[in-house]
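Please treat every number below as a calculation from the coordinates, not as lab data. The shown structure was predicted, so the numbers you read here are calculated from the model rather than taken from an experiment.
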Amino acid sequence: ACFPAWKQAWPTDEAMAAAKKTWIKGFAADGITTIEQIRLGIEQCRRSESDFMPSVGRFIVMCKPTAESLGLPSEDAAYREACRNAHPSMTGAKWSHAAVFHAAKACGFYNLNTLSMTDSRKLFNRNYAITVRDVLDGKPLKEIPLALPESVKGRITPEVGRAALAAL
């Protein structure tokens with residue numbers, strides 16, 4: 001009923017039956033297992049401006065709560081808050097959500113203050129995405145492991161190690 005042009009996607013009963021099987025497999029593969037998740041997806045469909053049915057993948061995304069729907073700030077707002085509150089003069093500042101503080105702390109306040117905006121933003125976005133995923137999954141906030149560097153300059157070989165030890 002949300003999509004008046006649904007018949008374009010499923011013109012026959014056979015197409016509808018095949019789609020039902022595909023959608024059920026998609027739900028199972030992506031962890032859509034509760035009626036609350038389906039209700040959230042249907043609510044998103046009601047807000048959609050399209051007349052056409054979404055794909056199963058798009059509907060699965062609609063079934064998953066977003067950070068904003070749980071009261072978390074958007075990635076942009078969280079980054080701005082983290083950079084503002086990471087400054088030493090902001091000790092004791094109020095945080096909009098514990099997840100923002102947690103992601104900023106995982107970045108390191110010093111890094112947020114000294115890295116270029118591009119680098120600090122990349123670091124924060126990674127940590128905030130991990131934190132938001134944990135919040136959405138109902139997991140407690142935990143320490144985020146450091147990311148590996150994109151590339152390593154030089155190569156450490158046994159000879160280099162032995163030479164360093166000999167130099168000591």
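Using only Cα atoms, find the angle between the long axis of helix 117-136 and the longest principal axis of the chain, and express it within 0 to 90 degrees, rounded to the nearest 10.
The helix 117-136 is inclined about 50 degrees to the chain.
How many Å³ per residue does the convex hull of the Cα positions in the stretch 46-147 occupy?
132
Can you give me the C-alpha center-to-center distance between the stretch 94-133 and the stretch 6-37, rounded to a whole angstrom?
Cα centroid of the stretch 94-133 versus Cα centroid of the stretch 6-37: 38 Å apart.
What angle do you read, to the nearest 10 degrees and between 0 and 90, between the alpha-carbon axis of helix 13-29 and the longest principal axis of the chain?
The angle comes out at about 30 degrees.
Any idea what angle helix 158-167 forms with the longest principal axis of the chain, computed on alpha-carbon atoms, 0 to 90 degrees, nearest 10?
With both axes taken from Cα atoms, the answer is about 30 degrees.
Before rounding to the nearest 500, sum -39500 (n - 2.57) across all DSSP H runs of length at least 4 in the chain and divide by the residue total; then give [θ] at 222 nm in deg cm²/dmol.
Numbers: 9 runs with 100 residues, N = 168.
Roughly -18000 deg cm²/dmol at 222 nm, from the helical runs in the chain.
Once phi is turned into θ = phi - 60°, what whole-Hz ³J(HN,Hα) does the Karplus curve with 6.51, -1.76 and 1.60 give for every residue of the stretch 38-53, x standing for Gly and Pro?
Each residue of the stretch 38-53 in turn: 5, 4, 4, x, 5, 4, 5, 5, 4, 7, 5, 9, 7, 8, 9, 4 Hz.
Given the options Ile60, Ile24, Ile130, state which has the largest fluctuation in a GNM of the chain using a 10 Å cut-off (strictly under) for Cα springs.
Ile24
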